[in-house]
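Just below is one structure, and these are the notes that go with it.
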Amino acid sequence: MKKTIAIFLVSFFVAAFANAQDNALGIRLTSGAEVSYQRSLNDINRLEFNLGWGWNTTSLTGFYQWVNPITEGFNWYIGPGAGLGLFNSSTILGIGGTVGIEYNFAIPLQLSLDWRPMFNFGSSHDSNYGSTNVGLGIRYKF
């Protein structure tokens, strides 16, 4: 029985790493921290979702990204997005975008650096250019 389980687990991991790596999960560090998930739609399009915590803030953001290769493993990306957050117990809705660069190592590791300007609307903010952040992402690709 132990041999069967071991063979199954080895086969599973070999198959998982043999396929194209379509997903990435990790963290994005800004003034707070975010759990970051990326899902490829095809070779040049993907979705990214982030759940973040910061000083008196909790947020959920989503972005549609166009990924453009620079060289092997090194890409830049851009895309629109939206977010929903709580700031000091007030609800905020934001729209904006992202632009960044990333490097995908030969091992299943991705590093990224991006900038996200957002226009925020909500009870504690006037309709204005509300937030902008630069983030460093570290993700495991699977």
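Answer with yes or no whether ASN133 is over 20 Å from ASN23 (Cβ atoms) and touching a residue at least 60 places away in the same chain (Cβ under 8 Å). So ASN133 passes the test.
Among the residues in segment 38-48, are any closer than 17 Å to PRO117 by Cα and surrounded by 14 or more Cβ atoms within 10 Å (Cβ to Cβ)?
Within segment 38-48, one or more residues are closer than 17 Å to PRO117 by Cα and surrounded by 14 or more Cβ atoms within 10 Å (Cβ to Cβ).
Scanning segment 66-84 for residues that are of a type in the set (A, V, I, L, M) and either in contact with a helix residue (DSSP H, G or I) (Cβ under 9 Å, 6 or more places away or on another chain) or more than 17 Å from PRO117 (Cα to Cα) (or both) gives VAL67, ILE70. Checking each residue in segment 37-73 for being part of a strand (DSSP E or B) and either among the polar types (S, T, N, Q) or in contact with a Cys (Cβ under 8 Å, 6 or more places away or on another chain) (or both) picks out GLN38, SER40, ASN45, ASN50, THR57, THR58, SER59, THR61, GLN65, ASN68, THR71.
Checking each residue in segment 75-103 for being under 19 Å from ASN42 (Cβ atoms) and more than 14 Å from the chain's Cα centre (by Cα) picks out only ASN75.
From PHE87, PHE63, PHE13, grab the single residue that is at pLDDT below 90 and either crowded, with 16+ Cβ neighbours inside 10 Å or touching a helix residue (DSSP H, G or I) at 6+ places or on another chain (Cβ under 6 Å) (or both). Only one candidate passes the filter, namely PHE87. Here GLY54 fulfils each of the conditions (1) out of contact with any Gly (no Cβ under 6 Å at 6 or more places or on another chain); (2) at pLDDT below 95; (3) surrounded by 12 or more Cβ atoms within 10 Å (Cβ to Cβ) apart from (1).
The values are calculated or read from the model by the stated rules, or taken from the named source; none is laboratory data. Just so you know, these numbers come straight off a predicted model, no measurement behind them. As a convention, Cβ positions derive from the backbone with ideal geometry for all residues, glycine included, and neighbour counts pool all protein chains shown.
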